[in-house]
Structure formats: structure tokens, C-alpha cells
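Q: Here it is, the structure in full.
The values are calculated or read from the model by the stated rules, or taken from the named source; none is laboratory data. Everything numeric here is computed off the predicted structure, so don't read it as measured data. With ideal geometry, Cβ positions are generated from the backbone for all residues, glycine too; neighbour counts draw on all protein chains shown.
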Amino acid sequence: MTAGSPASGSLWTRTLVLLLLLVVVLVMGAERAYAQSSEDRSVPPPPTIAEKLVILQAERAELQAVADSLARIEMLSSFRAASLLFDALASRYESEREQPFDRLPATRREVFARLEAVNAALRAAIDRPATPGGAAAVSQAASGIPADLEWMASFDPSPVILSYTPKFLAPQRTVASHGPAAGAPAGDDPVIEIEILGLRLARGRTLPVLTIGSWRGEAVVTPERLKFVVPRSAFPTDAKHARLASGSLFLRHDSRTVAFQLLFTSIPEKAGGFAVDQKVRSAVPESNTLVSPEILARAPVGEARTVRRCFDPPPGWRFDKSKRRVVIVERLGWIDEIPDETMNSGSVDFVREDRPSQICVAVVAKAATKAARTATIGRFEATLVREVATDRVVQSGVRTLDWSEPVRVPFEPGMIDWKLYVRLFDEIDREFEGTAAATAVPSGFTFLRIAVDSDKNLTIRADPEAFR
């Protein structure tokens, strides 16, 4: 075959076509690979167990930071329960933290969902404190946590804390007034006894350690219990506001350290203040003068006639019978049609009443001689009296509510109802009311007792027994 022949041109053409096809295939493959790579980059990988734990812990830490005094008291149990469950999960999944969360069995993911629900309920209650039922919703969301902890303890060998005391840290003066705990040194700094109940809390010779601020102490270990005696000064305190205080418990388990957060509410040194308004009802006398209608009595020639009339006081009034008088308006007489008032010997007098409340008057026309004709006009005037009920408010002014002893506010004579305004911990406002017949008033608040004693005093007590 010679150069330039038809066969040679055909071979070249086929070779060129094959090369073009190869280029197209390579380009399309590259495009598909790039598209697949871009698609893979747009879908993030599923979260790991560690990421779930970090998010849950960060949310709860934020909620603890923004909670007010009321939330730190009413929702403390839910905060504590959520913290115990979180720490149990963190310990349980320490070796699996980088595993995808969605690979966990559904029953185990439900435990994480419980913590998410508690955080959501806490946020709703804290963000909208005026919404009724917020604390109840939080408590409901956390109600399944004790069962979760027991369920985890049944199959997992990690340490689990089921509960611990106390919940509230009493003010320093209140703790001191009850004396030091058994086995604790006496001194100016009172102590708080912390007792922890759980499973697998102490193994080996390394004792569990609790740290609170700069304080550090080892546990007294009894079966499934740990005890610590902590100086009250180790915990933060505030003169007016309730504060959250936390400690860290460290346990040794399987050659690693397991940490738990213990949460408390530190109660301020000052309980707060109050004011009482009493509505007092008294009877104020009021008087008026009643002038009766005129009464006419006529008598024929030589005779006498009497007209008797009785009068009742207007509704709500009564006659003051010591202040009344009769009035002879006119006494007339005639002889042979010639006027002569001396011919009338009639009178106007009070007479016996049909009822004690009435005033009765007799008007008499009486001829002085047998030839006289007479007429008498009379009336009476009397003072009307009544008692008008007048209400006034007696205010106690703002008074201090102290932990040391109850405060008594005597009831005023004539008190019909009262209203009590209380501010606790400089943040929590409450109003209560009662009547003169009430003997007890439910406060609905942990640290407040309200009652009426036998001497008719309103007794308000900031209750230190609530810390026990």
C-alpha cells in the first residue's frame, strides 16, 4: 500500500475517532467523579456520641447560668437529675465516643432524647417564667430519669449515682445555730454533710475525692454510700440571691477517672422582706332630722277628737328617742263661726308605740266650752341615727424577714381581710390573702410558712427546717 492511498487515509481517520472517544470518556468520568465528590461534601457526616454529649452539656450549662432564684429552687431537682444522667452516659460511652450516634439501638437513643426534652422544658420555663405550669412541665420531662439510671445500672458496670443530699445549702448562720455535724470539728465555720447513694462508687484502695472550689476531701465509704463533711465556706454564697453551687466527684474505675457533677442551691443569708395591708371596717355614726307630716284633728261643737299616727324610721335608720319633740303647728277654735283659739284645749303628745322602733303621736282637738268647734294641727321632729360601715387600710410598711425567728403582725380591731406581700431572695415576689376567720394560709413555697396564731397575729416565718 502506498502513501496517500485511500486505505491509509481510512486508518488515520479511525485512529483519530478512537482518540476523541477516549477523551470524551475521560472527561465524562472526571465530571461524574467531581459531581459525586461535591455531593459527598454537601452532606455532613452523622453526629458522633461525643458531639451529642457536648451539645447536651453546653445547653444545660447555659440554662444553669441564666436561671433566676426561683428556677434554682423550683427546678433544682430536674437540674440534678439531668446532670446525673448525663454523667452516667458520659462514663458509659467513654470508649465509644467517636462512634456514630445513629448506630446506637433505639432504646439507648431514647435516654439521650430524655435529656434533650428536659433541656427544652427548662429553656421554655426559664425564658417565659410568667407562663403557668412551666416548673410542672420540667418536672414531668425529668420524671423518667430515675428509671433510666436504674436501667443503665442493671447492664453497665460503670459507676452510677442514684441520689445525693442535701439539695439546699442553708445560710451560714442557720447551719451554725444547729451546731457542727457528728465527727466534725467545732469552730466558726459550720459544715455541710454530703451523702451520695449509688452503685460501684468505690473500688480498690483509691478513695473517691470531692472538690468544691479550692476545697478537696476524701470520702468516708460505706456500702453503696459516700459521705463528705464540707466546710460551709467552701461553697459560694450571696447576701440576697439564691445561687447554684457545684462540686466535682472523682472516682477510679477500670484504671480511669470518672467524674460526676453535684449540684446544690446556696440559700442567701437574708431571707427577704414583707409588707401587710389590713382592711379594717369600723362603724361611723351618722345622724339626720326627721320632720313628720302634719296631722289634723277636728272636733264638732262641744266634743273632742283624737287622731293617732305611728311612724317607722326609713330603712337602715333608727330613732334616737332621747332627741325628739312634738310641735303644735296650730290650735283653732270657733264659736258661732267666730274664730277663737282659746276655745281649743287640745294637745299634741307622744303615745305608746305598736313596735319599739316606732314613734307614735296623738293630736287632740277638744272644745273648751260646749258651744265651741275645734281643730288642731300637730307634728313631731326626731333625730334619726345609723352606723355607716367605713373601710380603711392599715399598712405595716416594709419589714425584714429573718431566718432566726418568726415575725408577728397583730391584727387590727375590726380587721375583715388582709393581704401579704413577700419578696424572697430579692427576686421572688409572692402575694397571699386571708380573712379574719382564716387560721392557715398555704404558701406553696419551700421556705415560707404563714399562719394565724391563737392571739390573732399573722405569723410569717422563713423556715430553716426546710434545709433538713
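Q: With respect to the numbered conditions (1) within 30 Å of GLY414 (Cβ to Cβ); (2) at pLDDT below 95, which one is the sole condition not fulfilled by ASP320?
A: It is condition (2) that ASP320 fails.
Q: Taking segment 212-242 only, how many residues are free of Cβ contacts under 8 Å to residues at least 24 places away in the same chain and either assigned to a loop (DSSP other than H, G, I, E, B) or among the basic types (Lys, Arg) (or both)?
A: Selection size over segment 212-242: 5.
Q: Could you please tell me which pairs satisfy a Cβ distance under 7 Å, a separation of 6+ or placement on different chains, a first residue in segment 285-300 that is in the same structural domain as TRP317 (by TED's automatic domain parsing) and within 28 Å of ARG373 (Cα to Cα), and a second residue that is outside any strand (DSSP E or B) and at pLDDT 95 or above?
A: ALA297/GLY346
Q: Any residue in segment 446-460 that is crowded, with 17+ Cβ neighbours inside 10 Å, closer than 25 Å to ARG72 by Cβ, outside the structural domain of TYR164 (by TED's automatic domain parsing) and in contact with a helix residue (DSSP H, G or I) (Cβ under 8 Å, 6 or more places away or on another chain)?
A: Yes: one or more hits.
Q: Looking only at segment 247-272, filter to residues that are part of a strand (DSSP E or B) and surrounded by fewer than 17 Cβ atoms within 10 Å (Cβ to Cβ); which one of those is modelled with the lowest pLDDT?
A: Filtering segment 247-272 for residues that are part of a strand (DSSP E or B) and surrounded by fewer than 17 Cβ atoms within 10 Å (Cβ to Cβ), the one modelled with the lowest pLDDT comes out as ARG256.
Q: With respect to THR374, is the statement that it is farther than 30 Å from ASN288 by Cβ and in contact with a Leu (Cβ under 8 Å, 6 or more places away or on another chain) true?
A: yes
Q: Among residues belonging to segment 184-238 that are over 26 Å from GLN172 (Cα atoms) and polar (S, T, N, Q), point out the one that is modelled with the lowest pLDDT.
A: That would be THR206.
Q: Suppose the filter is of a type in the set (A, V, I, L, M, F, W, C), touching a helix residue (DSSP H, G or I) at 6+ places or on another chain (Cβ under 8 Å) and surrounded by 14 or more Cβ atoms within 10 Å (Cβ to Cβ); does ALA50 pass it?
A: Spelling it out, it is not the case that ALA50 is of a type in the set (A, V, I, L, M, F, W, C), touching a helix residue (DSSP H, G or I) at 6+ places or on another chain (Cβ under 8 Å) and surrounded by 14 or more Cβ atoms within 10 Å (Cβ to Cβ).
Q: Which strands (runs of 3 or more DSSP E) sit wholly inside segment 350-431 and have at least 1 residues that are in contact (Cβ under 8 Å) with a residue 40 or more places away in the chain and of a type in the set (Ser, Thr, Tyr)? Break it down into steps so the answer makes sense when it comes.
A: Working: elements: 359-366, 372-395, 399-401, 407-410, 415-424.
The strands (runs of 3 or more DSSP E) meeting that bar are 372-395, 399-401, 415-424.
Q: Return the residues of segment 398-441 that are among the basic types (Lys, Arg) and more than 21 Å from PRO268 (Cβ to Cβ); say none if nothing qualifies.
A: If the condition is that a residue be among the basic types (Lys, Arg) and more than 21 Å from PRO268 (Cβ to Cβ), then ARG408, LYS419 are the ones that fit.
Q: Of the conditions (1) polar (S, T, N, Q); (2) over 17 Å from the mean Cα position of the chain (by Cα); (3) crowded, with 17+ Cβ neighbours inside 10 Å, THR390 satisfies every one except a single condition; which number is it?
A: Just one mismatch for THR390, condition (3).
Q: In segment 148-169, is there at least one residue being over 17 Å from ALA81 (Cβ atoms) and modelled with pLDDT of 90 or more? Even if it seems obvious, please write down each step before you answer.
A: First, pick out the residues of segment 148-169 that are over 17 Å from ALA81 (Cβ atoms): 154-158, 169.
Still in the running and modelled with pLDDT of 90 or more: 169.
Yes: segment 148-169 contains one or more residues that are over 17 Å from ALA81 (Cβ atoms) and modelled with pLDDT of 90 or more.
Q: May I ask you to list the residues in segment 322-345 that are part of a strand (DSSP E or B), of a type outside the set (Ser, Thr, Tyr) and loosely packed, with under 13 Cβ neighbours inside 10 Å?
A: Taking segment 322-345 and keeping what is part of a strand (DSSP E or B), we get 322-335, 338-339, 344.
Of the ones still in play, those that are also of a type outside the set (Ser, Thr, Tyr) are 323-335, 338-339, 344.
Once the filter is applied, which keeps residues that are part of a strand (DSSP E or B), of a type outside the set (Ser, Thr, Tyr) and loosely packed, with under 13 Cβ neighbours inside 10 Å, segment 322-345 yields ARG325, GLU330, ILE338, PRO339.
Q: Right, something else. Filter segment 277-298 down to residues that are over 44 Å from the mean Cα position of the chain (by Cα) and β-branched (Val, Ile, Thr) and give me whichever is nearest to GLY414 (Cα to Cα).
A: Checked segment 277-298; the qualifying residue nearest to GLY414 (Cα to Cα) is THR289.
Q: Let me ask something else about it. Of the residues that sit in segment 121-136 and are among the small types (Gly, Ala, Ser) and under 27 Å from GLY198 (Cα atoms), which one is nearest to the chain's Cα centre (by Cα)?
A: ALA135
Q: Answer with yes or no whether ARG399 is basic (Lys, Arg) and surrounded by 14 or more Cβ atoms within 10 Å (Cβ to Cβ).
A: So ARG399 does not fit the description; no.
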